[in-house]
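The values are calculated or read from the model by the stated rules, or taken from the named source; none is laboratory data. This structure is a prediction, so every number in the text was calculated from the model and none was measured. Neighbour counts run over all protein chains shown; Cβ positions are idealised from the backbone, glycine included.
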Amino acid sequence: MTPLAPSERQRAFTIAKKQDVVEKQRLPVRYHVEDADVRERPRRFLEAFAAILKHSNYRVALEQYLRVAARCSRCTTNCQVFLATGNDHDIPCYRSELLLKVYRRHFTMAGILQGRLLGDPGLTDPDIQRMADTFYDCTACRRCSLECPMGIDHGLLTHLGRYILSEIGIVPRALAVSVREQLTGASGNTSAVPLPALQDTLEFLTDELRDENGIEASFPIDQFDAEYLFLAPVSDYIMEAETIMGIGALFHATGDSWTIGSAYFDAINYGLFYNDQILEHVLHKVEAEATRLRARKILIGECGHASRCAKNFYPAYCLESKALPVVNIIEYAHQAWKSGRLKLNPQAVLEPVTYHDPCNLARSGWIVDQPRVLIRAFCPNYVEMTPSGRENICCGGGGGAVSLDETRPYRTLVGGRAKAEQIRATGAKICIAPCANCKKQLRELMEEHKVDCRIVGLHDLLYKAIVYE
């Protein structure tokens, strides 16, 4: 991404100020705070930090980052939030230093001795408040790590900072409420969708597939010994009917066995956004359902963070039994097409189409080429964004930000502005975004920035392109 000139950055910041959103939306996240006595927060923060260091391997990363941190600010050239605001608080290495400073002062021998000699009181409550306000301005897209000459993962440090804050009760209320329902609520999922409602939705979609395409596709529930246990973001069953229909049509075309679980059917894992313990608890729910149904593989739908959670963390946290292979639905569709089991109409979609890379799928290089191969197979007018792939620009709603509706003006007019202009520049009428969070954010961006482009999932269009034999 070409950095904005100082004058352009200032203009972008001024425009946002005229909208009266930067200062109002920078600090609006409503935190669920369990202890109102802020005088105790520094002590509790340090106790939580110490416990996490004791029971995890974060110390290894922190020690390395302390030795190599240069604070050169080269990361700013890749940070869309800073490029939009020009605010020093949005520099990734500034944000990371807030946490590294605490570690250096309280958890290294040099810092402890220096504090005693100089009478440095160390962590204060304003320091904690600054971290709480700053860590949730970051989208955790980790694009800055591509530019850091020392290889510092600022997204990891942002996550650790949020983790510690959550352990002392400081977490955005929207995330806390959703996770509480997922772990202890009657529905067991983040959108509080009861099983009968899911069953009614799937019956309706089955009828739609029959009426529109004349196919007898099904959405099996609790099929034992299936090849795939399918987990979609539960919100897709409510808001993304065509994505789910496309997946049902895909399995009808391939004939592979799959099932949706009745005991647990939500791929969303907000633990990735702020708390490793929650991340682990949700993954154990996935493991329990796969074990109950005797599935052989775990298949994650169109969701970037859920796919990354299952792919990267499920094998680490679920060691009681042999970890099952984890597959993203894009990988599955690509392999089916590549093997000849999926036939696509090469002229199915004639409008100009572009593709948005979800950060959690593309930043590591995991899923980059597969969707493009599929799209070009049925979209003759495909247009590539620049930059794309591993260097993609985040939608602006990553890291859980899209779930915080009170910050919408900030994340659409500031954090997501670069993405909106990137999509506008392609001239595409359709933008494929195979991630539930990205879809929500991008639709709001198109609305706020008046971009004439429709946001869809990959399987929304595959549904129109599949040729049934």
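Annotations
- Just one of the listed residues (A425, A401, A465) is farther than 23 Å from Q370 by Cα and crowded, with 20+ Cβ neighbours inside 10 Å, and it is A401.
This table checks each residue for (1) closer than 30 Å to G169 by Cα; (2) touching a residue at least 40 places away in the same chain (Cβ under 8 Å); (3) in the same structural domain as N189 (by TED's automatic domain parsing).
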| position | (1), (2), (3) |
| --- | --- |
| H252 | no, yes, yes |
| Y264 | yes, yes, yes |
| Y274 | yes, yes, yes |
| E280 | yes, no, yes |
| A306 | yes, yes, yes |
| K311 | yes, yes, yes |
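Yes or no, residue by residue, for (1) among the hydroxyl-bearing types (S, T, Y); (2) farther than 23 Å from A192 by Cβ; (3) surrounded by fewer than 24 Cβ atoms within 10 Å (Cβ to Cβ):
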| site | (1), (2), (3) |
| --- | --- |
| L229 | no, no, no |
| E240 | no, no, yes |
| H252 | no, yes, yes |
| W258 | no, yes, yes |
| S262 | yes, no, yes |
| E302 | no, no, no |
| A316 | no, yes, yes |
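- Beta carbons closer than 9 Å, at least 6 apart along the sequence or on distinct chains, pair a first residue in the stretch 150-170 that is farther than 21 Å from R71 by Cα and in contact (Cβ under 8 Å) with a residue 40 or more places away in the chain with a second that is charged (D, E, K, R) and crowded, with 24+ Cβ neighbours inside 10 Å for I170/R162.
- Top-ranked residue in the stretch 110-152 [being of a type in the set (D, E, K, R) and over 27 Å from Y410 (Cβ atoms); ranked as surrounded by the fewest Cβ atoms within 10 Å (Cβ to Cβ)]: R116
- Residue satisfying all of: in the stretch 31-57; assigned to a helix (DSSP H, G or I) and among the β-branched types (V, I, T); modelled with the highest pLDDT among these: I52
- Residue count for the stretch 95-116 satisfying the condition of being touching a residue at least 40 places away in the same chain (Cβ under 8 Å) and in a helix (DSSP H, G or I): 9.
- Every residue from the stretch 117-127 that is among the charged types (D, E, K, R) and either more than 28 Å from S145 (Cα to Cα) or part of a loop (DSSP other than H, G, I, E, B) (or both): D120, D125
- Residue check for E181: buried (at least 21 other Cβ atoms within 10 Å of the Cβ) and either over 27 Å from G397 (Cα atoms) or modelled with pLDDT of 95 or more (or both): no
- Top-ranked residue of the stretch 79-116 - restricted to ones that are modelled with pLDDT under 95 and polar (S, T, N, Q), ranked as farthest from C144 (Cα to Cα): Q114
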